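The block underneath contains the structure these notes are about, expressed in structure tokens.
The values are calculated or read from the model by the stated rules, or taken from the named source; none is laboratory data. All values reported here derive from a predicted model rather than from experimental measurement. When we count neighbours, we look across all protein chains shown, and the Cβ atoms used for this are built from the backbone with ideal geometry, even at glycine. For the accessible areas, the whole protein counts, side chains as well, though only heavy atoms, and no ligand, DNA or RNA atoms are used. Shrake-Rupley method; radii C 1.70, N 1.55, O 1.52, S 1.80 Å.
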Amino acid sequence: MKLSVIILNYNVRHFLELCIKSVEEALIYIDSEIIVIDNLSKDDSCAMVKRQFPKIKLIENSENYGFSKGNNIAVKQAKGQYICILNPDTVVAEDTFVTLLKFSEEKKNIGIVGCRLIDGQGRFLPESKRQVPTPTVAIKKMLGLTSSYYAKELNENSIGPVTVFVGAFMFLRKSVYEEVKGFDEDYFMYGEDIDLSYKINQAGYDNMYYGAASIIHYKGESTLKDQVYAKRFYGAMQIFYSKHFKSNTAFDALVWLGIKLVPLFQNSLNHKIKKNKNYVLLSSEINKHLAQTLKHQLILQSSMEEYKDDTEYILDNNHLSFRSIIEIISNTPKNCSATFKILPKNSNFILGSNSSKSRGAIISFDNN
């Protein structure tokens, strides 16, 4: 088998459904499998997978093992020569895996391959490519000063070496993953992707960023939200430094101070989302049930003609491919206030996000 796509899920049933549908379309021409591993979700994620995707391998954990252990469990059961660690709040294009497989096969000594991630409004997510976080870089990151945390020397659409990738999308050979013993299970949340990237790079492999391929990552990696996030990030960095660098007392003192100062930075990070005035459905026909739920007139368009402010564009996957949906969102003008939601094929909900700092919104409707 060529490829195993591993999706670790925790209480994001609707995002998982959309993700799986996009992955299935991307695997049509590849000898592959999809493994969904669930960390004891309390929603109906597992029931949905069993009902709608009975051919998918579903692993139901008896407890929430966290990101590292959850993925390690799935990788042990993966049959693919390559694996893709994928978040459930992502949408891939139909050619994503074909393209990255071809790229990986042509490269010698390749480690992790990352791609260009955008949020629900088409904005590039800088965590797509990152530097190794030294203590000074980590301190700045915690305080919202991220310029040295991200690999800005490489353009977002370029192809080239980058050391660290985000765990939302990691494409690599299973043998490389196993050689470095996979994700370190000392990390529960945050830091495990940095650790894996660093270990693979230190083992002599070339981690490569492939900016010519784009996917949607709805939640993204938020800039600092609160002290809880700060403590979790700090804890992950402590583990990382204890394993790979010398102990740094100055770092500990600076982080303690940084956590205390976090509230002072919160006001500058708050953002307001405008309410949309118009709804445009990109489809071949009006969905009356959706229109009734929205309680708003839907303007029907068969294609994207222009981007209008204060407008929500609903992208119908029954009419549009995932690749074209990603392109439409990715091409949003910088200062445009348009927002987007996706209507997955044969589904009774739309979902999307107006910010990389939140999980997004789901609107369900009755098809009867």
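Just the protein heavy atoms count here, and of the accessible area of segment 1-150 at 1.4 Å, carbon and sulfur take up 51 percent.
Could you list the trypsin sites (Lys or Arg not before Pro) in segment 31-62 that lie in coil according to DSSP, counting only those with at most 11 other Cβ atoms within 10 Å of their Cβ?
Of the trypsin sites (Lys or Arg not before Pro), the ones in loops of segment 31-62 whose Cβ has at most 11 other Cβ atoms within 10 Å are K42, K55.
Each of Y234, S283, L101 was scored by the projection of its Cα onto the charge dipole of the chain, and the greatest displacement toward the positive side belongs to Y234; charges sit on the C-beta of Lys, Arg, Asp and Glu.
Please build a GNM for the chain, connecting alpha carbons under 10 Å apart, and tell me which residue among F171, F103, F15 fluctuates the most. For the chain, modelled as a Gaussian network with Cα springs under 10 Å, the answer is F103. Which one, Q202, S4, S158, is farthest towards the positive end of the dipole of the chain when Lys and Arg carry +1 and Asp and Glu -1 on their Cβ? Checked the options; the winner is Q202. Counting DSSP beta bridges in the chain, what percent are antiparallel, to the nearest 5? Close to 35 percent.
When a/c reaches 1.5 or more, the comparison of a/b and b/c decides; with that in mind, is segment 274-343 rounded, prolate or oblate per its Cα gyration tensor?
oblate
Name the shape class, rounded, prolate or oblate, that the alpha-carbon gyration tensor gives for segment 73-115, where a ≥ b ≥ c are the square roots of its eigenvalues, rounded holds for a/c under 1.5, and otherwise prolate holds if a/b is larger than b/c and oblate otherwise. Write out the running numbers ahead of the final one.
Values: a/c = 1.91, a/b = 1.12, b/c = 1.70.
Oblate.
If only the Cβ of Lys and Arg carry +1 and only the Cβ of Asp and Glu carry -1, the dipole of the chain around its Cα centre is close to 660 debye. Structure remark: mean-square fluctuation, Gaussian network model of the chain, C-alpha springs under 10 Å; the largest value among K152, K295, K174 belongs to K295. Highest mean packing first, where packing is the average number of other Cβ atoms within 10 Å per residue, the peptides 202-213, 302-313, 63-74 line up as 63-74, 202-213, 302-313. Rounded to the nearest 500, the 222 nm mean residue ellipticity of the chain from helices alone is -10500 deg cm²/dmol, with -39,500 (n - 2.57) taken per DSSP H run of at least 4 residues.
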